[in-house]
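**Q** First the structure, which I've put down as structure tokens, then a few questions once you've had a look.
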Amino acid sequence: MQPPHRFTGHQLPQVIMTRNDTYHPGQSLDVFRADHLRVANGANLGDALGVADDMLRDDIYRLSPLARLERLSIRPAPASPFHIAGASETGQPGAALHLDCCVTFMSGTGETTECLVLVELDDTGCIAQIYALPLGTLEPRVDYALVGIHRDTALQRFAQIACVSFAAGTHITLASGAQRPVEDLRPGDRILTRDDGPQELRWIGHHTTRAVGHFAPVLIRAGTLNNENDLLVSPDFRLFIYQRRDTLGAGRPELLVRARHLVNGDTIRRVEGGFVDYHQMLFDSHQIIYAEGIAAESLLVDTRTSAILPDDLQDHLSQLIPGHRRSDHTDLEVQETLLSRPNTAELLRRSSIG
């Protein structure tokens, strides 16, 4: 890695909050350290992955066989940048973390893989560490040509990871009690919510992406959590569980649990390969709705997810943020350490019915 220098790269857009705001729980990302992804052939021979200004297209990168994915936990901030969370496996807790760019690599077979470049700063504003967040699969000893460096798409790609999304075909409960596939919903439809009764859907987003890496959905088989049908959601999607008995030892009956923390390789598993159609549901405040008969969250607007919103909603962010901040259910989220048992899903299913 080159000697430390001051970071002057891309800045996250500001989302104004007050000093007393609460923030959405930290998000965990699987990253490679940049010094494990180096130029094997090209103008920058020997250099590690760097910031956008230091990289050159057509350089050939290779991932070290010693490289391993490390867990980088971040927490949103009231404005740019993000910060590294205290429980992070890598990085300095509390350090500023900037999203610099999105790069595209192409293998010799023509397969493309995107990576987001994240930059950790020290107290003086100099680069302390650079991380590569792969959005697809990177393999050691494979040559990857750098074919694209984009700052304008990085925020949106990061937002797509952070957004909670239903896969096409998921049945959502309307205010009338009827169920409708998520892809058939339209703004203005009235949806049943747990806390506020019927609420109008303000916006519904959609994007199609390769089902790999951070975008590979989690499949929850019918009946696993008392869901009526198979439920396919994005990995960081949070499900709402009401425990009649506190089988997890969380100390409270109401829980929010991320889908990826429940993966057991059997009744709940990651589905890799092909493409997935993801849909996001936005209300004036963050809501608990019903998908395939069980409670689940809608999109929460914060510094990570706002980039996915269309321009007409970006103009009204200052109106949306307060309602989402008050209803983000931060205190209900269960940390991964309580969910590490192989039978967690079954414990949750039983605890919610008796």
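The values are calculated or read from the model by the stated rules, or taken from the named source; none is laboratory data. Owing to the predicted nature of the structure, the values given are computational and were not obtained by experimental measurement. Don't worry about glycine lacking a Cβ; one is built from the backbone with ideal geometry, like all the others, and counts go over all protein chains shown. These accessible areas exclude ligands, DNA and RNA; they are computed on the full protein's heavy atoms, side chains included. Shrake-Rupley method; radii C 1.70, N 1.55, O 1.52, S 1.80 Å.
**Q** For the chain, with only Lys/Arg (+1) and Asp/Glu (-1) charged at the beta-carbon, what is the dipole magnitude about the Cα centre, in debye rounded to 20? Let's see the in-between values first.
**A** Values: 33 positive and 45 negative charges, 175 e Å.
With Lys and Arg at +1 and Asp and Glu at -1, about 840 debye.
**Q** Considering the dipole of the chain built from charges on the beta carbon (Lys and Arg +1, Asp and Glu -1) around the Cα centre, which of Met55, Val31, Tyr144 is farthest to its positive end?
**A** Of the options given, the answer is Val31.
**Q** Find how much the distance from Glu70 to Ala40 grows on full extension, using 0.36 nm per residue of separation minus their present alpha carbon separation; answer in nm with one decimal.
**A** Values: separation 30, 0.36 × 30 = 10.80 nm, distance 2.26 nm.
Gain on extension, Glu70 to Ala40, equals 8.5 nm.
**Q** If each DSSP helix of 4+ residues adds -39,500 (n - 2.57) and the sum is divided by the residues in the chain, what number results at 222 nm, nearest 500 deg cm²/dmol? Kindly include the intermediate steps, with their values, before the conclusion.
**A** Values: 4 runs with 31 residues, N = 354.
Calculated at 222 nm, the ellipticity per residue is -2500 deg cm²/dmol.
**Q** Further question on the same structure: Return the carbon/sulfur percentage of the accessible area of the chain, one whole number, probe 1.4 Å, all protein chains in place.
**A** Numbers: 7120 of 15040 Å².
Heavy-atom surface of the chain belonging to carbon and sulfur, 1.4 Å probe: 47 percent.
**Q** Between Asp100, Asp30, Asp302, find the one with the highest GNM mean-square fluctuation for the chain; connect C-alpha pairs within less than 10 Å.
**A** Comparing Asp100, Asp30, Asp302 in the GNM, the peak value goes to Asp30.
**Q** Further, regarding this structure: For region 186-259 and region 264-322, what is the separation of their C-alpha centers, rounded to whole Å?
**A** Here the two parts' Cα centres lie 9 Å apart.
**Q** Report the one residue of Gln92, Leu135, Val119 whose Cα lies farthest in the direction of the positive end of the charge dipole of region 69-165 (charges on C-beta: Lys and Arg +1, Asp and Glu -1; origin at the Cα centre).
**A** Checking the options against the dipole of region 69-165, the answer is Leu135.
**Q** Sticking with this structure for a sec: Just in region 169-270: which GluC sites (Glu not before Pro) are loop by DSSP and have at most 15 other Cβ atoms within 10 Å?
**A** Values: sites: Glu183, Glu200, Glu228, Glu254; in loops: Glu228.
Here the sparse-neighbourhood loop sites are Glu228.
**Q** If you don't mind, there's one more thing I want to ask. With Cα extents along the principal axes in Å as the read-out, I listed (1) 65, 54, 37; (2) 62, 43, 39; (3) 55, 51, 38; which label goes with the value calculated from this structure?
**A** Step by step, Cα extents along the principal axes in Å for this structure corresponds to label (2).
**Q** What residue among Leu133, Leu69, Leu37 shows peak mean-square fluctuation when the chain is described by a Gaussian network model with Cα springs under 10 Å?
**A** Leu69
**Q** Just to check I understand the Karplus step: with θ = phi - 60° and J = 6.51 cos²θ - 1.76 cosθ + 1.60, what whole-Hz values come out for region 168-177, glycine and proline as x?
**A** Listing the rounded values in order: 3, x, 5, 8, 10, 7, 7, 4, 6, x Hz.
**Q** Quick one: if you stick a label point 7 Å off each Cα along the C-beta vector at Ala178 and Phe275, how many nm between them?
**A** 3.0 nm
**Q** With only Lys, Arg, Asp and Glu charged, each at its Cβ (+1 for the first two, -1 for the last two), find how big the charge dipole of region 142-216 is about the Cα centre; round to the nearest 20 debye.
**A** It comes to approximately 40 debye.
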